[in-house]
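Student: To start, I am sharing the structure in question, which I have written as structure tokens.
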Amino acid sequence: MTSPRTDRARGLRQFSGCAEERVWTILRGGKVDGHQFRRQHPVGPYYADFACDRLRLIIEIDGGVHRLDEVAARDLERQQVLEALGWTVIRVTNDQACAEPELLIEAVKSHARRLNG
């Protein structure tokens with residue numbers, strides 16, 4: 001029997017959007033310098049779109065709804081909680097994730113260099 005959090009994470013993975021699928025293709029299996037990411041990974045009270053435990057790095061993919069003031073305010077509060085737990089959060093829009101995936105790859109590599117620097 002699985003936990004409700006595991007079931008929720010599985011459900012979120014099944015209904016991911018095009019941008020999340022594109023990013024997962026880039027990150028899965030340690031394709032970015034061997035860093036292992038998980039999709040819809042529980043972190044504190046939230047589910048991160050993508051998280052790498054070793055780097056303490058979360059990548060959030062934001063669709064158009066995230067431009068709404070009330071959603072942006074919740075995103076900021078959520079990010080502050082995650083950062084207080086010791087995580088770094090990188091946010092990219094759906095458009096950036098699809099059109100410029102190399103920027104996301106470079107952001108991950110840059111974060112890793114800062115940690116190992």
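Student: Got a sec to turn the phi values of region 39-50 into Karplus ³J(HN,Hα) couplings, 6.51 cos²θ - 1.76 cosθ + 1.60 with θ = phi - 60°, whole Hz, x for Gly and Pro?
Tutor: Couplings: 9, 6, 8, x, 9, x, x, 10, 10, 7, 3, 9 Hz.
Student: Is region 30-98 rounded, prolate or oblate when judged by the Cα gyration tensor, a ≥ b ≥ c being the square roots of its eigenvalues, rounded requiring a/c under 1.5 and prolate requiring a/b larger than b/c?
Tutor: Since a/c reaches 1.5 but b/c is at least a/b, the shape of region 30-98 is classed as oblate.
Coordinate-derived values only; no laboratory data. All of these numbers come straight from a predicted model, not from anything done at the bench.
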